[in-house]
1. Build a GNM of chain B with springs between Cα atoms under 10 Å: which of B:62, B:27, B:87 gets the top mean-square fluctuation?
2. Which value in nm describes the separation of the simple spin-label points at residue B:5 and residue A:65, placed 7 Å from the Cα toward the beta carbon?
3. Return the FRET efficiency for the residue pair residue B:65, residue A:98: r is the Cβ-Cβ distance, R0 is 25 Å, and the value is rounded to the nearest 0.05.
4. List residues of the range A:171-193, by number, whose backbone nitrogen lies under 18 Å from a label position 7 Å along Cα→C-beta of residue A:280.
5. With the contact rule set at Cα under 8 Å and sequence spacing of 6 or more, what percent relative contact order holds for chain A?
6. When the helices in chain A are scored as -39500 (n - 2.57) per DSSP H run of 4 or longer and the sum is shared across all residues, what 222 nm value do you end up with, to the nearest 500 deg cm²/dmol?
7. What distance in nm separates the simple spin-label points at residue A:231 and residue A:351, each placed 7 Å from Cα in the Cβ direction?
8. Cut-off 14 Å, label point 7 angstrom out along Cα-to-Cβ of residue A:389: give me the residues of the range A:247-270 whose amide nitrogen falls inside.
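Derivation of every value follows stated rules applied to the coordinates shown; laboratory data play no part. This structure is a prediction, so every number in the text was calculated from the model and none was measured. For neighbour counting, all protein chains shown are included, and Cβ atoms are generated from backbone atoms with ideal geometry for every residue, glycine included.
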C-alpha cells in the first residue's frame with residue numbers, strides 16, 4: 001500500500017517510530033503529483049525545493065507524539081497569500097504576484113511543522129462552482145476526467161481525491177469547500193464565520209468568506225481545523241472564542257443526538273440518486289441512535305438571490321483595489337491614468353469576475369441600494385432566524401451538499417444562472433454564518449460521488465465532526481478511490 | 001424591471017470596466033436574467049426587519065493605540081509595475097501628456 005493511502009494518524013505513528021521520514025512522505029507526495037497532475041491538473045504552482053528543505057529540517061528536529069500534523073504535506077488554495085511564493089487567485093490580474101507576507105493560516109501551518117507543497121487551482125477570485133473560470137487551466141474530476149471537480153476550491157478537492165495530498169486548505173463563500181468535496185467524494189468543512197482568520201485570504205465577499213480544510217477522513221479534517229483555528233488580532237472579524245479539541249467527541253457514539261432535515265432541502269429539483277442517498281443516510285443515523293425529524297427553513301429558497309446581491313456587492317468593493325498601480329496586472333495599452341485603471345481591470349479580470357463586479361456595482365448604485373442591497377440584507381436576517389429557530393430544538397441540520405453530482409466540463413459555463421442554482425443548499429449556511437461539512441454518502445449510476453451536508457450551531461464544529469465521524473465509521477463510501 | 005444597455009454602460013463606467021459593443025449586449029442579457037431572479041425577493045415581507053451585514057455579535061474590534069513596526073518600503077515596492085526613486089510611476093493624468101497640477 002502506498003504511503004499516501006494512509007491517514008494522518010497512521011503516518012504520524014510511522015514518523016514518530018522513525019520507520020519513515022518526512023522527506024519520504026514529501027518525496028512520495030511529489031512523485032504522486034507528477035504521476036497524476038497531467039490528468040487532474042490541481043496545481044497552479046508547485047514549491048518542491050522549499051518543501052523538501054522544510055521536510056529535512058523537521059526530520060532533523062524530530063517528530064514527537066504531541067503534534068500529529070508535523071512533517072506532513074498540505075496543499076494550499078491559490079487565494080491564500082504565501083510569502084515569497086506566487087499567489088494568483090487564478091487570475092491574470094495576479095499572474096506574477098509574489099506576496100511579501102504570509103496569511104495567518106500559513107503561519108499556523110508552519111508553526112505546526114506542516115509542509116505546504118504548492119498552490120491549488122480555483123475559480124478566478126473564487127467566483128464560480130466548477131473551477132472552469134480559472135485563467136490558467138481546467139482541473140478535472142478524478143472520478144471522471146470529463147467532469148468538473150466543483151468549485152471554487154476545485155484544485156483543493158481534486159488534489160485530495162486523487163491522492164496527491166492528504167489534506168488541503170480551501171475557502172468557502174457560498175459552498176466553495178463543501179460542493180467540490182461533494183463532487184469528489186471527500187470531507188470538506190466550512191467553519192463558523194470568525195473561527196479561522198481571514199488575514200491573507202484574498203477577499204471575495206468579506207462577510208461570507210471562511211477558510212477550511214479538505215481531507216479524506218473526518219478525523220483528519222478535525223486535526224487540520226485544530227491547527228488553523230483561533231482569534232487573530234489581524235482580522236477584525238475573527239472571533240474571540242475558545243478553540244476546543246475538535247477530535248474530542250469522535251467516539252462513534254451519537255445516541256440521543258437530534259437532527260433536523262429541512263423539507264425544503266429534499267424538495268423537487270434534486271437528482272433522484274442524490275435524494276435516495278440522503279434518505280439512506282437518514283436511516284443510518286436513526287440506526288446509530290439519533291432522532292431525525294423534518295424541520296423547515298422557509299426562507300432558504302431566497303438564499304441564492306440574497307447571496308448574489310450581497311456577495312457581488314462586497315466583491316465589487318473588494319476588487320476595486322485592483323487598479324494596476326501598486327501590484328497586479330498593468331495594461332501597456334494606455335495614454336493616461338484613467339486608461340491604467342480601466343484597461344488594466346478590463347484586460348486583467350475574466351468574464352465571470354466582471355459579471356459579479358457589474359452586478360454588485362449596480363446593486364450598490366444610487367437609486368437601487370434600497371431595492372437590492374438593503375432588501376437582500378433584510379432577507380438575510382430572516383434566513384439567519386430560520387436557522388436559529390431550528391437550532392433551539394436540534395443539534396444538527398442534515399441535507400444534501402449539492403442538488404446533483406458533478407456535471408460535464410463546459411456544460412454550465414455559458415449559463416451563469418444554472419451554475420448559481422447549484423449552490424442552493426450551501427449558500428444559506430454562509431449567509432447565516434454557521435459551520436457546515438460535506439462527507440461522502442454514496443455514488444450515482446455513473447460512479448460519481450454524492451455528498452451529505454451536516455450543518456451545526458455557531459462554533460459547534462465539534463458536534464458536526466462527531467456525527468460525521470459516526471457515519472463514516474458505519475459506512476464505507478470514504479474508502480472508495482477513483483481509478484487514475 | 002428590465003435592465004437596458006444604457007444602464008449597463010453607466011454601471012461599467014462606475015466599475016471602471018470597458019466592454020466591446022457585442023459584450024455589452026451579452027452582459028445586458030445575462031445581468032437581466034440574474035436581476036429578474038433577484039427580484040423574487042420582492043415576494044418577501046421585510047417590514048421592520050433589520051438588515052444583517054455581519055453574522056456575529058461583534059460590534060467593533062479595537063486595539064491599543066501603540067506604534068508598531070511597519071512593512072519595509074523596499075518590500076512594499078516589490079510588486080509595483082513601474083517605479084522611480086522609491087515612488088510609484090504612473091502615466092500622466094492628462095491626455096496630452098502634461099502632468100496635472
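1. Looking only at B:62, B:27, B:87, the largest GNM fluctuation is found for B:87.
2. 7.4
3. Efficiency, rounded to the nearest 0.05: 0.20.
4. A:182-187
5. After rounding, I find 18 percent.
6. Result for chain A: -11500 deg cm²/dmol, rounded to the nearest 500.
7. 4.7
8. Those under the cut-off are A:262-264.
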